[in-house]
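Everything below concerns the one structure shown next.
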Amino acid sequence: MLISKLGNKRRTTALVVLSLLLLGASCGSSTGSNQVAISANQETATTEATTTTTEAVDETTTTEVMEPEFPEAIISLSPTATEILFAIGAGGQVVAVDEYSTYPEEAPTTDLSGFTPNIEAIAEYEPDLVVISYDPGDLVVGLELLDIDVVMQGTALSVEDTYSQITELGELTGHSEEAQELSDSISADLASLAENPVGTGLTYFHEVDATLYTATSSTFIGQLYALLGLENIADPADEQGWGYPQLSPEYIVSANPDLIFLADAIYGESLDTLMERPGWSEITAVQNYAVIELDETSGRWGPRIVDFLTGIHAAITDLTS
């Protein structure tokens, strides 16, 4: 994960950027039900009771416990799911991933698309499980018609969603223990970073794109920033409370954030482009070169969120030291 901070008129780079009844016959009740018959025809009744008991024994002793079957050919059309699968040790079961699953390096990247999925192209890999983050309308139905299992894990709305998705993929692939270990590790590392809230007293603006959509403290990314004590300037503007309001340039300039995080840096936005925006050169973050460029991993809620927050922590520490 790449974080590029521009401080004191210089750029500093740091890696940054979330478901069986044993049937048993009751010999006691069988014997009891046959006691009345014994007084009428003892031989016949006794034979029937013996037969009933034998059948009960045979039925219980032949019960078999089936071992769970796990997928051997998984396709991931979600970059986050891809990272999780490899992080929990299920990478060997993955036969193909989408074009944006660029991490880890050993992931079998293909030209499969998670946004405009082609069911025929997916079926060619003969998968027994497909993990998706988005269904354009007919993907799930199409895969089910081909008798292919599919699980959809949407965008994490909270850090807890990350743990839930890790747990689910662990259970589906036979790696529950590794999944629990991963979640525990992430939780511990985030707690450790939160022990030193270096952003206390600082405000920030997280730019999703150049049209000034942003993320508030209620979102996944906002919760991560909050662990460091940062205050989000967009929170008061989110009147509908959905987490991703669009701000006006005037609002941002007036809020005057101490830090700016550019999630759209991969599309060319930078300190230089911010300076060209009317009035933005007067923003404290721009004047102090406190603009932090994020790469695509800032939008992922998988195993590397610790790397992301560690990078942010380091950048803020450098700025305030």
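The values are calculated or read from the model by the stated rules, or taken from the named source; none is laboratory data. On a predicted model such as this, the values are computed, not experimentally measured, just so you know. Glycine gets a Cβ as well: all are built from the backbone with ideal geometry, and neighbour counts include every protein chain shown.
Quick notes
- Those residues of segment 133-192 which are of a type in the set (A, V, I, L, M, F, W, C) and under 23 Å from Thr310 (Cβ atoms), in sequence order: Ala156, Leu157, Val159, Ile166, Ala179, Leu182, Ile186, Ala188, Leu190, Ala191
- Among residues of segment 152-165 that are more than 20 Å from Glu178 (Cβ to Cβ), those with a Cβ under 8 angstrom from a residue that is assigned to a loop (DSSP other than H, G, I, E, B) and aromatic (Phe, Trp, Tyr), sequence gap 6+ or separate chain, pair up as Met152/Tyr134; Gly154/Tyr134; Thr155/Trp301.
- Search result, residues across segment 227-242 that are touching a strand residue (DSSP E or B) at 6+ places or on another chain (Cβ under 8 Å) and within 23 Å of Ala191 (Cα to Cα): Leu230, Glu231, Asn232
- Residue match in segment 198-215 (condition: under 30 Å from Glu69 (Cβ atoms), surrounded by fewer than 18 Cβ atoms within 10 Å (Cβ to Cβ) and out of contact with any Cys (no Cβ under 8 Å at 6 or more places or on another chain)): no
Listed here are the residues, each with its yes/no results for (1) surrounded by fewer than 19 Cβ atoms within 10 Å (Cβ to Cβ); (2) among the charged types (D, E, K, R).
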| residue | (1), (2) |
| --- | --- |
| Ala188 | yes, no |
| Asp235 | yes, yes |
| Glu239 | yes, yes |
| Gly243 | yes, no |
| Pro249 | yes, no |
| Phe261 | no, no |
| Pro278 | yes, no |
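- Some residue of segment 268-286 being at pLDDT 95 or above, within 30 Å of Leu169 (Cα to Cα) and either assigned to a loop (DSSP other than H, G, I, E, B) or not assigned by TED's automatic domain parsing to the domain that holds Glu207 (or both): no
- Considering segment 135-213, the qualifying helices (runs of 4 or more DSSP H), each wholly inside and each with 2 or more residues that are acidic (Asp, Glu), run over 159-173, 176-194.
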